[in-house]
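Peer 1: Below: one structure in structure tokens.
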Amino acid sequence: MRAALSFLFLAACGGPSSLLQTRAVRLDPGGTTLEDAAAMGADTAIVAEPPKSTTRLRVFLSLRVVDRDSAHAAVRAASSRTDVEGVVLEGLETLVLDDEVARALFGWLTRATPEEKPAEWKAFRPLAVAQLVRDLRRAVREGFRLLAWVSESGERDARFWNLDAIITEPPSSRVVTPGGTPLRTARSGPPLWWAASLAELERAKSVGGAGIVLVGSHPVEKVRQAWH
């Protein structure tokens, strides 16, 4: 059942788009500032609120998704700002969409209700999320990017979401080929590793990928040195 649903969504959503090599810093309140991130040598900032002043950094908004309507409103608002390149969605991994849209699609695919086929309904959850992401993509301006924070255990589901990239855990626990390429199951765009320390940043650099997202507060000069 899951394989059949997966095939339908992969066909409907299309393939992931590319994301350029990235040096990103996540800015938390009271921590690293936009000026700090720029001085570190970053090219991208992930922020909780749109910047109040201009910056040479690419800016992504980090948005927590709790339901379909609020996700549409927040993503459309972000897309309307020319100083925001995209959003990083939080909470997709645990999101349960039990609304008219999800139920209608489930009924179309299975000719049943969730109550009649509870096991299939549970398996359908990541595909309902894929539908949400597809609808969000239709609602934003051309070129606006959709990313998501995903744990290592959530990568299997994330491959159905047609994101530009997923930001996932450091590669310290990954199986790596002799050539240094991580063996990954996710197909939602190129890998962006998050690093909570300079040691993790070094590990992320060693296996390659689309880029690195540094989280937490770190000395500016040490980060600048670590990028190189």
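Please treat every number below as a calculation from the coordinates, not as lab data. Worth saying up front: this structure is predicted, and the values here are computed from it rather than measured. Please note: Cβ atoms are built from the backbone with ideal geometry, for glycine as well, and neighbour counts cover all protein chains shown.
Peer 1: Report the gain in length on full extension from ARG141 to SER153: 0.36 nm times residue separation, minus Cα-Cα distance, nm rounded to one decimal. Each step should come with its number before you reach the end.
Peer 2: Working: separation 12, 0.36 × 12 = 4.32 nm, distance 3.11 nm.
Extra length available between ARG141 and SER153 comes to 1.2 nm.
Peer 1: If you take the beta carbon distance between SER80 and ALA196 as r and set R0 to 25 Å, what does 1/(1 + (r/R0)^6) give as a FRET efficiency, to the nearest 0.05? Kindly include the intermediate steps, with their values, before the conclusion.
Peer 2: Working: r = 32 Å, r/R0 = 1.29.
That gives a FRET efficiency of 0.20.
Peer 1: Right, here's the next one. Tabulate in residue order the Karplus-calculated ³J(HN,Hα) for segment 116-131, using 6.51 cos²θ - 1.76 cosθ + 1.60 with θ = phi - 60°, rounded to whole Hz; enter x for Gly and Pro.
Peer 2: 7, 9, x, 5, 5, 5, 5, 5, 6, 3, x, 6, 5, 5, 4, 5
Peer 1: Name the shape class, rounded, prolate or oblate, that the alpha-carbon gyration tensor gives for segment 70-132, where a ≥ b ≥ c are the square roots of its eigenvalues, rounded holds for a/c under 1.5, and otherwise prolate holds if a/b is larger than b/c and oblate otherwise.
Peer 2: Numbers: a/c = 3.66, a/b = 2.58, b/c = 1.42.
Since a/c reaches 1.5 and a/b is larger than b/c, the shape of segment 70-132 is classed as prolate.
Peer 1: Using a basic spin-label model with each label point 7 Å from the Cα along Cα→Cβ, how many nm lie between GLU221 and TRP108?
Peer 2: Using points 7 Å along Cα→Cβ, the separation is 6.0 nm.
Peer 1: Something else: Given 0.36 nm per residue, what is the gain on full extension from LYS52 to ALA123 after removing their alpha carbon distance, in nm?
Peer 2: Numbers: separation 71, 0.36 × 71 = 25.56 nm, distance 4.22 nm.
Gain on stretching LYS52 to ALA123: 21.3 nm.
Peer 1: Of all the C-alpha pairs in segment 31-178, what % are more than 29 Å from each other? Please list the in-between numbers first.
Peer 2: Details: 2849 of 10878 pairs.
Tail of P(r) above 29 Å: 26 percent of Cα pairs.
Peer 1: Order 42-49, 115-122 from most to least packed using the mean count of other Cβ atoms within 10 Å. Working shown, then result.
Peer 2: Details: 42-49: 19.2, 115-122: 12.8.
Most protected by this proxy first, the peptides run 42-49, 115-122.
Peer 1: Take the Cα pairs of segment 22-67, get the Kirkwood Rh, then feed it into Stokes-Einstein at 25 °C and 0.890 mPa s and tell me D in µm²/s. Show your work: numbers first, answer last.
Peer 2: On the way: Rh = 10.9 Å.
Translational D for this selection: 225 µm²/s.
Peer 1: So, one more: What list of ³J(HN,Hα) couplings, whole Hz, do you get for segment 33-46 from phi and the Karplus terms 6.51, -1.76, 1.60, once you set θ to phi - 60° and write x for glycine and proline?
Peer 2: Running phi through 6.51 cos²θ - 1.76 cosθ + 1.60 with θ = phi - 60° gives 9, 4, 5, 4, 4, 5, 5, 6, x, 6, 10, 9, 10, 10 Hz.
Peer 1: HN-Hα J couplings of segment 97-109 from phi, Karplus 6.51/-1.76/1.60, θ = phi - 60°, integer Hz, Gly and Pro as x?
Peer 2: Whole-Hz 3J(HN,Hα) from phi for segment 97-109: 9, 10, 9, 4, 5, 5, 5, 5, 5, 4, x, 5, 6.
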